[in-house]
Amino acid sequence: MEIALGYELLYEFPQPTPMLLMLNVHYSRAADIIVPDTMTTTPAVPMAAYRDGFGNWCTRLVAPAGQFRIASAGTVHDAGQADPVPYHAWQHQVQDLPEECLVFLLGSRYCETDELTEIAWQLFGHTPPGWARVQAVCDWVHNHIVFNYEHARPTKTALQAFHEARGVCRDYAHLALTFCRCLNIPARYCTGYLSDVGETGPFTPMDFAGWFEAYLANEWHMFDPRNNKPRRGRVLIAQGRDATDVAITNTFGPNQLTSFTVWTHPTPA
């Protein structure tokens, strides 16, 4: 199937303000792009693109004073299949992990491994290593956290999500991937589009979604503790240690986000 996706962000800036943006479909889906998700701005400004240390596509620009619109609309091909479930994926010994995975065992801005390691082993030390252990983490986090946009907070960490038991998709992902790191399983944060294909309503206004990947059996495998079931129409934008590395926008000056719209849906046959 073909999936239409895009966004529109409206800002008010009191002065010219530099921005870093991470909004393009991930390079791993490049072969699936039918209509490129080219970023446009109103008013038009010069933009420069680069790849960050995790391979994500990024854009630099300077927003002018006043109202500023950032938007894109693209189309990707998707197999239409549900997220794979790697039941037999085994867990590596730490000494056998590739060097590039080791950073995803460490604590980071939103993932306090030092604070949660003892709790992680108490909760999951009895589970079979590998896929079953990661899924046990996802099951527990899915049942522990109550989802509500009212509980969203850009500074909330995994430890705070654990204690508050309230949050949004990024909080589910942060807590689950932190537990995985505590259990010696490399885990990285992901953000992107997640369609409602095959789901039943009622539907809330769409947003970018957060999930995580765990390194098992020589591959990165996707896990989604917020939904905790295979979904269809997932399109990756960026990966990193936590939400710090995959922020869709970073603004270097005062501003007000006045409108935020995200969409993704199958195109008509």
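General remarks:
- Taking the numbered list (1) part of a helix (DSSP H, G or I); (2) more than 21 Å from Gly192 (Cα to Cα) in turn, Ser28 passes all entries but (2).
- Some residue of the range 56-75 being hydrophobic (A, V, I, L, M, F, W, C), assigned to a loop (DSSP other than H, G, I, E, B) and closer than 19 Å to Pro186 by Cβ: no
- The range 73-95, residues that are more than 20 Å from the chain's Cα centre (by Cα) and hydrophobic (A, V, I, L, M, F, W, C): Ala79, Ala89, Trp90, Val94
Residue by residue, here is whether (1) of a type in the set (A, V, I, L, M, F, W, C); (2) under 19 Å from the mean Cα position of the chain (by Cα) holds:
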residue: Pro128; (1), (2): no, no
residue: Val137; (1), (2): yes, yes
residue: Ile145; (1), (2): yes, yes
residue: Arg170; (1), (2): no, yes
residue: His174; (1), (2): no, yes
residue: Ile185; (1), (2): yes, yes
residue: Gly192; (1), (2): no, yes
residue: Gly198; (1), (2): no, no
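- Checklist (1) at pLDDT below 95; (2) part of a loop (DSSP other than H, G, I, E, B) applied to Thr127, failing item: (1)
- Pairs linking a residue in the range 69-85 that is more than 26 Å from Phe223 (Cβ to Cβ) to a residue that is of a type in the set (Phe, Trp, Tyr), with Cβ atoms under 8 Å and 6 or more positions apart or on different chains, are Arg69/Tyr11; Ile70/Tyr7; Ile70/Tyr11; Ala71/Tyr7; Ser72/Tyr7.
- Residue selected from the range 211-269 under the condition among the hydroxyl-bearing types (Ser, Thr, Tyr) and either exposed (fewer than 15 other Cβ atoms within 10 Å of the Cβ) or under 24 Å from Thr59 (Cα atoms) (or both), by the criterion modelled with the lowest pLDDT: Thr267
- The range 96-110, residues that are assigned to a loop (DSSP other than H, G, I, E, B) and touching a Ser or Thr at 6+ places or on another chain (Cβ under 9 Å): Leu106, Gly107, Arg109, Tyr110
- Residue in the range 138-153 that is hydroxyl-bearing (Ser, Thr, Tyr) and either at pLDDT 95 or above or not in a helix (DSSP H, G or I) (or both) present: no
- Residues being assigned to a loop (DSSP other than H, G, I, E, B) and among the small types (Gly, Ala, Ser) - total across the range 154-173: 1
- Qualifying residue in the range 144-162 (condition: in the same structural domain as Asp224 (by TED's automatic domain parsing) and under 20 Å from Ala89 (Cα atoms)): no
- Of residues in the range 72-103 being under 30 Å from Asn24 (Cα atoms) and of a type in the set (Asp, Glu), the one surrounded by the most Cβ atoms within 10 Å (Cβ to Cβ): Asp78
- When we screen Ala44, Ala31, Ala63 for residues that are surrounded by 12 or more Cβ atoms within 10 Å (Cβ to Cβ) and either aromatic (Phe, Trp, Tyr) or at pLDDT 95 or above (or both), the only hit is Ala63.
- Residue match in the range 172-179 (condition: surrounded by fewer than 22 Cβ atoms within 10 Å (Cβ to Cβ) and not assigned by TED's automatic domain parsing to the domain that holds Leu21): no
The values are calculated or read from the model by the stated rules, or taken from the named source; none is laboratory data. Note that the coordinates shown come from a computational prediction; the quantities given were computed from them, not determined experimentally. Methodologically, a virtual Cβ is constructed for each residue, glycine included, from the backbone with ideal geometry; neighbour enumeration extends over all protein chains shown.
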